[in-house]
Amino acid sequence: MSELSYGQASARLEEILGRIEDGRVDVDELSGLVREAAELVTLCRKKIQAAEIQVKTITEQLEREGSGGEGEAPAS
């Protein structure tokens, strides 16, 4: 199985939780759904952490580029 996107994983989690909350899950199926939900939560967390690292890296890069002398008064 190919890795799901964050949106796909989140939608599947919502589906699983909805089925469990509505009582539409057979007892024999419950443990498999809980296992799948746990794997989806782990996947979502990893994707969020990766996105946070990317945003931090980009922000730091922009700050370095922005401190390269912009906004300084020209020499007379």
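Taken together, the residues in the range 1-32 that are in a helix (DSSP H, G or I) and of a type in the set (Ser, Thr, Tyr) amount to 3.
Scan the range 17-42 residue by residue and report those that are closer than 19 Å to Glu3 by Cα and either of a type in the set (Phe, Trp, Tyr) or over 20 Å from the mean Cα position of the chain (by Cα) (or both). Don't jump to the end; show me each part of the working.
Pass one, the range 17-42, residues closer than 19 Å to Glu3 by Cα: 32-42.
Result: Gly32, Leu33.
Just one of the listed residues (Lys47, Lys56) is touching a residue at least 24 places away in the same chain (Cβ under 8 Å), of a type outside the set (A, V, I, L, M, F, W, C), surrounded by 10 or more Cβ atoms within 10 Å (Cβ to Cβ) and in a helix (DSSP H, G or I), and it is Lys47.
Which one of Arg64, Arg45 is at pLDDT below 95 and either under 20 Å from the mean Cα position of the chain (by Cα) or basic (Lys, Arg) (or both)? Break it down stepwise before answering.
Values: Arg45 fails: at pLDDT below 95.
None of the others qualify; the one that does is Arg64.
Among the residues of the range 26-44, those that are of a type in the set (A, V, I, L, M) and surrounded by fewer than 12 Cβ atoms within 10 Å (Cβ to Cβ) comprise Val27, Ala38.
The values are calculated or read from the model by the stated rules, or taken from the named source; none is laboratory data. The structure presented is a predicted model; accordingly, all values stated were derived computationally and were not measured. Here Cβ is always computed from backbone atoms with ideal geometry, including for glycine, and neighbour counts include all displayed protein chains.
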